[in-house]
Amino acid sequence: MPVYPFSQAYYDVVVIGGGASAVAVLVALEETGDFRGSVAIVDPASRLSLGQGVAYGAARSTHLLNVPAGRMGLSIHNPADFLQWARAHGVKAQAEDFLPRRLYGSYLSSHLVTSSVNWSHLRGEAVDVQPTGACWLVTLNDQRRFRAGAVVLAVGGPASAPLPWSGSADSRPNTLIDDPWPLYSDGDDRWISSLSARLVPTSGPVLIVGSGLTMIDMVLSLRQARAAGDIHVLSRRGLWPLPYGTSSPLPPEMATAVKLWALSARQGKPLSRLWQGIRHLIRQHQGNGGDWRDIIEAVRHHLPALWPVLSDDDKRRFLRHGLPYWSIHRHRLPEQHVETLNALRQEGRLHSHKGRLHGLSAVERQTGRPLGIKAEFTPRGKGTVEHLTVDWVYNCTGASFDISKPDSPLIWRLWQRGLLQQGPAGLGVDVNTSGCVGSEHGGLYLIGPLARGRQWETTAMPDIRVQAARLATSLLRHQGGQSPRRNTVAWLRAQLSPSL
């Protein structure tokens, strides 16, 4: 590999990561109307697939968005932008429809093509970021280096913690998939994942550890691949995402009740009181013929302001006990996915187990058969260990937000140097409301799931576009530019509200 000398190339903003968050930053800078600088997006993806990231570039045709199309726009001024784009491209869709994630990936890429921002794509992986004088020095994996006035970390969600394996690391079979979303280059400038094309069995029993939305993606992939074996899903509580349903605007009296609850919660009430308040709101709304989903949607918008005022003990208590129940109500399923799961259950091929996984080990098979994997787990409420032997195991336990683990070499290196600090309750990176990581050097920002420790709601596009709008404001101020034009109610809401 050639070694490049120090480059004098300079960019006003360098965005590390080329997924949805990076595109959202570019759109937000464009919408300020005042940004005149240069932007570089650093990502190993090709120009054709840039912007799509793992979630949208590696999805199968059966994978749908889990947010209605009418709320998935990148524009802070026009949340329906994606729906309008889809209709302009021949898709007959309504605002409450759940469209394919692949289609959304194309929408993201289209914004890169039409952007008026002066941006460049630097194909490669950023391995180091160091402060140097009044700017930052960014190093890529091929030793190319360049300077940046500001750096935005848009690296996406962290990987899951590895599942426990009883043997050596070298003995782990390739049928134990610790990350169902790894990217592979298939040789023609496209990116695929194990969920989209590879490592999907056509026969034999499968164990999926974890029962969240990634599990749903895996089940859909197995279904589309016509996998004939039984599918076992193991999670501690056996809780699965609930159906999305149709949410409606709250009546004025209930909207006022939610606002009063949020105002009271900001006074530092303990977690138990907050839960009681949510349950009371749901009972009151259902008593008037409403749907619990309406309350969840209303409460969600206040969480970025409420999460920081919880004590560290309450945050940990929520993560340990409350998160599984919140997640199945907050991250819900389109009706099409519910029908697929019900069909598999009726066929007797989809099985749910609740319990604690102790370990995985290899099982010898007859000659000519692949190595089996034995899972040992204790069912919830029982004291005896049970065993389940399968051909494949997929780790769908969700992201690990502990940046002290070297899962992401760049994030870990910045944390080791003290440029990044762990977020509250050990979740991700500590940031302020504008995305600045608080480094004494200034000019280092973060957007996306790793901001969860401070902002909590950081993964869905309605949340990311708000982060991006605030980040764009900070980038202008950092560079000595003017504040964005505030000629719309939408922009003011982005600055003053915790979420849209």
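All of the numbers you see were taken from the coordinates with simple rules; none came from a lab. All figures in this text were calculated on a predicted structure; none of them were measured in a lab. With ideal geometry, Cβ positions are generated from the backbone for all residues, glycine too; neighbour counts draw on all protein chains shown.
Taking the charge dipole of the chain about its Cα centre, with +1 at Lys and Arg Cβ atoms and -1 at Asp and Glu Cβ atoms, the residue from P44, V15, T340 reaching farthest to the positive side is T340.
With the Cα gyration tensor of region 259-322 giving a ≥ b ≥ c as the square roots of its eigenvalues, does the rule (a/c under 1.5 for rounded; else a/b larger than b/c for prolate; else oblate) give rounded, prolate or oblate? Each step should come with its number before you reach the end.
Numbers: a/c = 2.12, a/b = 1.77, b/c = 1.20.
Since a/c reaches 1.5 and a/b is larger than b/c, the shape of region 259-322 is classed as prolate.
A simple spin-label model places pseudo-atoms 7 Å from Cα toward Cβ; at S61 and Q479 they are separated by 4.2 nm.
Straight-line reach from K259: taking Cα to Cα under 29 Å and skipping same-chain neighbours fewer than 8 places apart, the lysines in range are K269, K315.
Protection proxy ranking for 395-402, 225-232, using the average of other Cβ atoms within 10 Å per residue and placing the highest first: 395-402, 225-232. Placing dummy labels 7 Å off each Cα toward the beta-carbon, the span from S311 to V385 is 3.8 nm.
Among 37-50, 346-359, 299-312, 10-23, the peptide with the highest mean count of other Cβ atoms within 10 Å heads the list, and the full ranking is 10-23, 37-50, 299-312, 346-359. Each Cα pair under 8 Å and six or more residues apart adds its sequence gap; the mean of these over the residue count of region 252-330 is a relative contact order of 38 percent.
Here the calculated FRET efficiency for T246 and W275, from their Cβ-Cβ distance with R0 = 22 Å, stands at 0.30, rounded to the nearest 0.05. Computed over neighbours whose Cβ is under 12 Å from that of T132, the net charge equals +1, Lys and Arg +1, Asp and Glu -1.
Take the alpha carbon gyration tensor of region 25-67, find the square roots of its eigenvalues, order them as a ≥ b ≥ c, and report rounded if a/c is under 1.5; if not, report prolate when a/b exceeds b/c, else oblate. Oblate is the answer for region 25-67, as a/c is 1.5 or above yet b/c matches or exceeds a/b.
Only DSSP H runs of four or more residues enter the estimate; each adds -39500 (n - 2.57), and after division by the residues of the chain the mean residue ellipticity at 222 nm equals -9500 deg cm²/dmol. The alpha-carbon of K92 sits under 16 angstrom from the alpha-carbons of these aspartates and glutamates, leaving out residues fewer than 8 places away in its chain: D81.
Apply the a/c threshold of 1.5 to the C-alpha gyration tensor of region 1-82 and tell me whether it is rounded, prolate or oblate.
Taking the square roots of the gyration eigenvalues as a ≥ b ≥ c, region 1-82 is oblate.
May I ask you to list, by number, the DSSP H helices of the chain whose Cα span along the axis is at least 30 Å and whose average Kyte-Doolittle hydropathy reaches 0.5 or more?
Membrane-span-like by this criterion, though nothing is claimed about a membrane: none.
Output the relative contact order of the chain, whole-number percent, from Cα pairs under 8 angstrom with separation of 6+ residues. Before the final figure, lay out each step's value.
On the way: 991 pairs, mean separation 98.2, N = 500.
The normalised contact order for the chain reaches 20 percent.
By the beta-carbon count within 10 Å of each Cβ, the least crowded to most crowded order of W392, W275, fewest first, is W275, W392.
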